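Please read the structure below before turning to the comments.
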Amino acid sequence: MSDAERFRLQKGDLVFLWNRKKGDAYQVRVTPGATQGTHMGQIKHDDLLGASYGDTVLTHKGEPFCCLRPTIGEYARRIKRETQIVFPKDAGYILQHLNVQPGSTVLECGTGSGSLCCIFAHFVGASGRVVTYDKRGEFTELARKNAERWGVEGRIEFKTRSLDGGFDERDADAVFIDLPQPWGYIGDAWNALAPGNRLGILVPTFNQIAETLEEIERWPFADVQVLELLMRFLKTDPRRIRPEDIMVGHTGYLIFAAKIQPFASGDPGEEKADAEVSGDPDPVEDSGANGEES
């Protein structure tokens, strides 16, 4: 296949159409005979079929739109949804701190519309697997269709049931919970994880954080972290660079914890607590919120 053929748009391809003048963008699947409406005129899909990624097509009013390859971040943000989604700003951090990589087995509870599910499936690759649980069948079917649209449905196993019976899987590389009461499933997550691997949780409120942390303390977990991510874009005009008027603020709080094995004799946390009560110095010096440089 030549380079020209490799980049040329085909029937069924996803393309991200972007207008330089207003920044308007549309994500469409190329369908012969169809049109895409915009604020600046109609784009004929037949014109897309004659174009390649990187080309510019014109609306019927002569307005230009660039043909770009869609990213998984843009796709996940724009999927058809009936639930709140995990936004790309949080998803990237989740991927890194759950160590999701090609070949990973990732368990998720709270499929919702499938935004994060598709992201997990994209990054575990053809050799990996995502198992996602949701008790509502309509959400499962919506997530399945969204996964099919991105082309990762073959990497995902959808299970339509609550997590009350726990995860069926063991020795998972990562577990992620997006439920209103995640503290009820901390033990199930511990049982499903391979030792040393991480649990991730998303909650929207402080009191949910407190309930979750109290339950995490009852199980053998280490390296517990809680954080919130904010994202602010800048205007890209080199003559007037400044922040955009609207930023992506609070979307949720992230909680992470790593599974460890129970100690054979007592909880080492008791020794640390005794040292604090007696006024002895903390046996481990705190290196900051995440143990990393700011």
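Could you figure out which of (1) under 16 Å from Thr105 (Cβ atoms); (2) part of a strand (DSSP E or B) isn't true of Arg170?
Looking at each condition in turn, Arg170 falls short on (2).
For a quick check of your reading of the model, give me the residue pairs whose first member lies in the range 186-214 and is open to solvent by 50 Å² or more (accessible area, probe 1.4 Å), whose second is of a type outside the set (Gly, Ala, Ser) and part of a helix (DSSP H, G or I), with beta-carbon atoms closer than 9 Å and at least 6 apart or on different chains.
Arg198/His97; Glu211/Pro182; Glu211/Trp183; Leu213/Trp183; Glu214/Trp183
Out of the range 119-146, which residues are outside any helix (DSSP H, G or I) and polar (S, T, N, Q)?
Hits for the range 119-146 are Ser127, Thr132.
Within the range 76-110, which residues are modelled with pLDDT of 95 or more, β-branched (Val, Ile, Thr) and in a loop (DSSP other than H, G, I, E, B)?
Listed by number, the list holds a single entry, Val100.
Any idea which residue in the range 59-75 is nearest to Gly33 (Cα to Cα), counting only those that are open to solvent by 30 Å² or more (accessible area, probe 1.4 Å) and assigned to a loop (DSSP other than H, G, I, E, B)?
Going through the qualifying residues, I end up with His60.
Tell me which residues, restricted to the range 20-35, are open to solvent by less than 60 Å² (accessible area, probe 1.4 Å) and among the polar types (S, T, N, Q).
Gln27
Which condition does Pro243 not pass, out of (1) open to solvent by less than 60 Å² (accessible area, probe 1.4 Å); (2) modelled with pLDDT under 95; (3) under 27 Å from Ser115 (Cα atoms), if it passes all the others?
All conditions pass for Pro243, except number (3).
Given (1) of a type in the set (A, V, I, L, M); (2) under 16 Å from Ala76 (Cα atoms); (3) without any contact (Cβ under 8 Å) to a residue 60 or more places away in the chain, identify the lone condition not met by Val131.
Of everything listed in (1) of a type in the set (A, V, I, L, M); (2) under 16 Å from Ala76 (Cα atoms); (3) without any contact (Cβ under 8 Å) to a residue 60 or more places away in the chain, Val131 misses just condition (2).
Do you know which residues across the range 127-146 are open to solvent by 30 Å² or more (accessible area, probe 1.4 Å) and under 16 Å from Asp173 (Cβ atoms)?
Ser127, Arg129
Between Thr56, Thr105, Thr38, which is out of contact with any helix residue (DSSP H, G or I) (no Cβ under 8 Å at 6 or more places or on another chain), among the hydroxyl-bearing types (Ser, Thr, Tyr) and open to solvent by less than 70 Å² (accessible area, probe 1.4 Å)?
Unique residue meeting the criteria: Thr38.
For the range 87-102, which residues satisfy the criterion of being more than 18 Å from Glu169 (Cβ to Cβ), open to solvent by less than 10 Å² (accessible area, probe 1.4 Å) and not small (Gly, Ala, Ser)?
Across the range 87-102, the qualifying residues are Asp90, Ile94.
For the range 158-180, which positions are surrounded by fewer than 12 Cβ atoms within 10 Å (Cβ to Cβ) and touching a Gly at 6+ places or on another chain (Cβ under 6 Å)?
If the condition is that a residue be surrounded by fewer than 12 Cβ atoms within 10 Å (Cβ to Cβ) and touching a Gly at 6+ places or on another chain (Cβ under 6 Å), then no residue fits.
Looking at the structure I just gave you, is Ala210 touching a strand residue (DSSP E or B) at 6+ places or on another chain (Cβ under 8 Å) and over 19 Å from Gln84 (Cα atoms)?
Criteria not met by Ala210.
Scanning for something part of a loop (DSSP other than H, G, I, E, B), modelled with pLDDT of 85 or more, farther than 22 Å from Val152 by Cβ and of a type in the set (Val, Ile, Thr), does the range 23-31 turn up at least one residue?
No, the conditions are met nowhere in the range 23-31.
Does Asp134 satisfy being under 18 Å from Asn99 (Cβ atoms) and of a type outside the set (A, V, I, L, M, F, W, C)?
For Asp134, the condition - under 18 Å from Asn99 (Cβ atoms) and of a type outside the set (A, V, I, L, M, F, W, C) - is not met.
Leu116 fails exactly one of the following numbered conditions: (1) free of Cβ contacts under 8 Å to residues at least 40 places away in the same chain; (2) outside any loop (DSSP other than H, G, I, E, B). What is the number of that condition?
Going through the list (1) free of Cβ contacts under 8 Å to residues at least 40 places away in the same chain; (2) outside any loop (DSSP other than H, G, I, E, B), Leu116 breaks only (1).
Quick one: count up the residues across the range 147-157 that are under 21 Å from Gly103 (Cβ atoms) and either open to solvent by less than 30 Å² (accessible area, probe 1.4 Å) or part of a helix (DSSP H, G or I) (or both).
Adding up the residues that qualify gives 7.
The values are calculated or read from the model by the stated rules, or taken from the named source; none is laboratory data. None of these values were measured; they are calculated from a predicted model. Glycine also receives a Cβ, built like all others from the backbone with ideal geometry; neighbour counts cover every protein chain displayed. Just so you know, the surface numbers come from the protein's heavy atoms only, side chains and all, with ligands and any DNA or RNA stripped out. Shrake-Rupley method; radii C 1.70, N 1.55, O 1.52, S 1.80 Å.
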